[in-house]
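Undergrad: Let me begin by handing over the structure; questions about it come next.
The values are calculated or read from the model by the stated rules, or taken from the named source; none is laboratory data. Here the structure is a predicted model, which means the values were calculated and not measured. Note that we place each Cβ from the backbone using ideal geometry, even for glycine, and neighbour counts take in every protein chain shown.
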Amino acid sequence: MKKRLTITVFLIAAMLSSCCRKEVKDIASVSFPEAPIEIMSNEGVGMDLINYFNIIQLPEGGYRMYFSGYKADECGPDWDNQNLYYAESADGIHYEMCGKIMDSIVEQTVFFTGDKELPYGMVGRVRENKKFKMYMWKSKDGLVFDGKVLLSTRWNDTQSVMIPRNGRFKLYTRTWDEEHKDRKNAVAEFTPEGELLKDITPLAGDFLYNPAACPVDDRLDILFPTYLNNMYPGMTDTCFFKCFVVDGLYSKELECDLNNWVEPEEKWVLAAPGFIRIGEDLYLAYNTRTYSHDTPRAEDVVTKYKLVKAVIGYEK
C-alpha cells in the first residue's frame with residue numbers, strides 16, 4: 001500500500017511538472033519595436049557614474065527610481081563610496097532627482113514585500129571589514145530603511161533581485177567559487193523575515209554576465225544578462241534572456257537583439273534591466289555605459305538610463 005501511494009504521488013508530481021513546462025514554452029520571444037527613451041544621465045545629476053537601478057510604481061500613483069551614484073578618483077570609480085539615491089516621476093518617463101537615501105550600499109534592488117505595515121523591502125550588499133555581505137532591509141515609506149537582516153556572507157555580486165511570491169521571497173544573484181573564478185547565476189528562497197528556506201544554488205543553463213531578474217507574470221521570471229557591444233575583443237552582439245518558472249522546473253533561452261538602437265562603432269554596456277508598466281504598455285528599463293576611448297576610463301564614461309517598449313510574444 002505504501003509503495004503504491006509513493007508511485008501515485010510521483011506520477012502526480014510528474015504530471016504537474018509537465019503542465020508547468022508546457023505553460024512556459026508558450027512564451028516565444030521578447031522584442032523591442034520602438035526606439036529607447038532616455039530618462040536620466042549621470043551628467044544630468046552631477047555624478048561620474050550611475051548604476052544598479054530599478055523603478056517601482058508607487059501605490060499612490062507615480063513612479064520612483066532607485067539608483068547608485070558615485071564619484072571617481074585617479075584610480076577609477078570609488079566603489080567604497082557608492083550611495084543610494086532616488087528620483088520620482090508622475091508619468092514614468094520624466095524623472096526629477098530627489099536626494100540620497102543611504103550611504104555605502106551597492107547592487108541594491110527595492111521591492112514590495114506584501115506587508116501592510118512595512119510594504120517596501122530592499123536587498124543589497126554592504127562592505128564590512130573588506131568583505132561584502134548581503135543584507136535585507138524594510139521600510140514603511142520606501143525612503144527610510146532599517147531592521148537590517150543578514151542574508152548571506154557568501155561571495156556574490158551583480159544586482160541581486162528579490163521577488164516575493166506565495167509568502168516567500170525568491171532571491172536571484174550571482175555567486176563565485178572559493179577562488180573567486182567560477183561565476184554562476186543562482187537562486188535562493190527566504191521567509192519575509194530573512195530566514196533561509198532554500199540555500200543559494202546555481203541555476204540551470206549557461207552563465208549570464210551580471211544578470212538582473214524581472215517577473216513576467218505569477219509564475220515566470222526572466223533573467224537578463226549584461227549586454228556588451230564592441231566593448232571587448234571577442235564579445236558577441238547577441239543577447240540571450242533566460243526564463244525560469246518559480247519552482248525551477250523549466251528554463252528556456254530567448255534570443256534578443258538590441259543593436260537596432262545602437263551605432264555600430266559605439267562602445268557600450270547594457271546592464272541592470274527590469275520591467276515596468278506605463279499605462280497598458282510594458283517597458284524594459286536599463287542603463288548603458290559608453291566610452292569615448294578604446295581603453296575604458298572612469299572620466300570618459302557617460303551612463304544613461306533608458307526605457308524601451310517591450311513586447312512578449314506567445315506561441316499559438
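Undergrad: With respect to residue 146, determine if the residue is without any contact (Cβ under 8 Å) to a residue 12 or more places away in the chain, farther than 12 Å from residue 54 by Cβ and touching a Phe, Trp or Tyr at 6+ places or on another chain (Cβ under 8 Å).
TA: yes
Undergrad: Consider only pairs whose beta carbons are under 9 Å apart and that are at least six residues apart or on different chains; among these, list those whose first residue lies in region 81-93 and is on the phi < 0 side of the Ramachandran plot and among the small types (Gly, Ala, Ser) and whose second residue is surrounded by fewer than 20 Cβ atoms within 10 Å (Cβ to Cβ) and part of a loop (DSSP other than H, G, I, E, B).
TA: The qualifying pairs are 87/45; 89/62; 90/61; 90/62.
Undergrad: For the condition at negative phi and in contact with a Leu (Cβ under 9 Å, 6 or more places away or on another chain), what is the one hit in 201, 153, 191, 173?
TA: Values: 201 fails: in contact with a Leu (Cβ under 9 Å, 6 or more places away or on another chain); 153 fails: in contact with a Leu (Cβ under 9 Å, 6 or more places away or on another chain); 173 fails: in contact with a Leu (Cβ under 9 Å, 6 or more places away or on another chain).
That would be 191, the only listed residue that is at negative phi and in contact with a Leu (Cβ under 9 Å, 6 or more places away or on another chain).
One line per residue, one yes/no per condition, for (1) surrounded by 15 or more Cβ atoms within 10 Å (Cβ to Cβ); (2) at negative phi; (3) in a strand (DSSP E or B):
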position: 108; (1), (2), (3): yes, yes, yes
position: 118; (1), (2), (3): yes, yes, no
position: 123; (1), (2), (3): yes, yes, yes
position: 141; (1), (2), (3): no, yes, no
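Undergrad: A further question on this structure: I'm trying to understand the selection: among the residues of region 112-166, which are closer than 18 Å to residue 186 by Cβ and hydrophobic (A, V, I, L, M, F, W, C)?
TA: 123, 132, 134, 136, 150, 151, 155, 161, 162, 163
Undergrad: Going through region 125-139 one residue at a time, which ones are of a type outside the set (D, E, K, R) and part of a loop (DSSP other than H, G, I, E, B)?
TA: 129
Undergrad: Output yes when any residue across region 75-87 is out of contact with any Phe, Trp or Tyr (no Cβ under 7 Å at 6 or more places or on another chain) and either more than 24 Å from residue 301 (Cα to Cα) or in a strand (DSSP E or B) (or both), and no when none is.
TA: yes
Undergrad: I would also like to ask the following. With the condition being over 28 Å from residue 119 (Cβ atoms), I'd like the strands (runs of 3 or more DSSP E) fully within region 145-228 carrying at least 2 qualifying residues.
TA: Answer list for region 145-228: 168-176, 183-190, 196-202.
Undergrad: Sticking with this structure for a sec: Could you grab me the full set of residues in region 128-160 that are closer than 18 Å to residue 212 by Cβ and of a type in the set (Val, Ile, Thr)?
TA: 158
Undergrad: Restricted to region 203-224, and to residues that are modelled with pLDDT of 85 or more and not hydrophobic (A, V, I, L, M, F, W, C), which residue is surrounded by the most Cβ atoms within 10 Å (Cβ to Cβ)?
TA: 221
Undergrad: List every residue pair whose Cβ atoms lie under 7 Å apart, where the two residues are 6 or more positions apart in sequence or sit on different chains, the first residue falls within region 31-60 and is in contact (Cβ under 8 Å) with a residue 12 or more places away in the chain, and the second residue, located anywhere, is acidic (Asp, Glu) and buried (at least 18 other Cβ atoms within 10 Å of the Cβ).
TA: Cβ pairs passing all conditions: 42/48; 52/107.
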